[in-house]
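Pasting a structure here, questions to come.
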Amino acid sequence: MISDRWMNLGLAAVALLLCGAGANAQQAVPAATQPVTIQTDDILKAGSADAATVNTATSEAATTDAATVGSTTADSSVAAPVSKDETSLPSAPEAPLPNAGLPNAPQAKSYAYERPTQKTKFLNYLFDAWGPLPLVGAALVAGIQQAGGHPHEWGGGMAGYGRRIGSDFGIGAVTTTTRYGLAQLTGEDTLYYRCECTGFFPRFKHAMFSTLTGRRGDDGHRVFSVPSLVAPYAGSFTAVYAWYPGRYNASDAFRIGNYNLLAYAGGNLVLEFLPSGEHSLLSKFHLQNHHSAPSNSTP
């Protein structure tokens, strides 16, 4: 009995304690949320006050700047009078060029294009068609053909070599005659002019470029040369249908013409790199055919 009574009293005390804790918890919730609400309102009020302050400060600054700009504009609109006694500083004289006015001052060389005369063209034609260079070239090509036995109908020995060298020399003569003849009809200058550049590869490029180009007009501007393209094939077709064996046809003539065009390019290389001093044989035939001669129409 006693134990049950004390147990009931203990349970009743625990129940009272739990009820009191629940009541305190319900009262604590409004107390905890109220400061948060007040703090948020304070922040909003403070933000509004700061915005108003910023707007007021901005308006005042804009008014002040407008007033300052207006006063500056008004001040600058009135030009300060210039005194008659004031004079501008004289400009500095231009510095004289070095060696200007000296009688012995070195002058730069000018290699302006000069259109060749008919006599010059004729001398160049004789040199290109019948001179030592085509003869040496024919001898070299004939030696290569002799070693390969082409054409085999011509045999070997000195007789075969003679026929081959005569054939190659004839192809070169027909080629050069065609080139000069067509150039005369079209008013084109197909003479070779050495490059004004220096170095092996620039000069090599100039020689190759000159193989299919010529000069036209009084200024000597570069143009694609139809005579230079047609002439090598005119020589090869003439040889195939004039003195080559009968088994050769147009395809063989076209193939030989390609080799003939390469031989023409090789001749330009010889003219580019062959020594040509003031008293050399080459300088007596080729107008301006010396190192540093112009590669275009500019002086």
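The values are calculated or read from the model by the stated rules, or taken from the named source; none is laboratory data. For clarity, every value in this text was computed on a predicted model and none was experimentally measured. Backbone-built Cβ (ideal geometry, glycine too); neighbour counts: all protein chains shown. Note: accessible area is taken over every heavy atom of the protein model, side chains too, but ligands, DNA and RNA are not part of it. Shrake-Rupley method; radii C 1.70, N 1.55, O 1.52, S 1.80 Å.
Taking all protein chains together and a probe of 1.4 Å, list Met208, Met158 from the most accessible to the least accessible.
Listed by decreasing accessible area, they come as Met158, Met208.
Here is a follow-up. Based on the Cβ-Cβ distance from Gln118 to Val223, what FRET efficiency comes out when R0 is 22 Å, to the nearest 0.05?
0.60
Apply 1/(1 + (r/R0)^6) to the Cβ-Cβ distance of Ala159 and Asn249, taking R0 = 35 Å, and write down the FRET efficiency to the nearest 0.05.
The formula returns an efficiency of 0.85 here.
Here's a follow-up. Can you work out the Karplus-derived ³J(HN,Hα) for every residue in the range 188-200? Use 6.51 cos²θ - 1.76 cosθ + 1.60 with θ = phi - 60°, whole Hz, and x for glycine or proline.
Computed from phi, the couplings for the range 188-200 are 9, 9, 9, 5, 8, 10, 5, 6, 7, 7, 10, x, 5 Hz.
Stretched out fully, how many nm does the piece from Asn258 to Thr198 gain, at 0.36 nm a residue minus the Cα gap?
That works out to 18.7 nm of additional length.
Of Ala183, Gly162, Ala207, which is farthest on the positive side of the dipole of the range 160-209, counting Cα position, with +1 on Lys and Arg Cβ, -1 on Asp and Glu Cβ, and the Cα centre as origin?
Ranked along the dipole, the leading option is Gly162.
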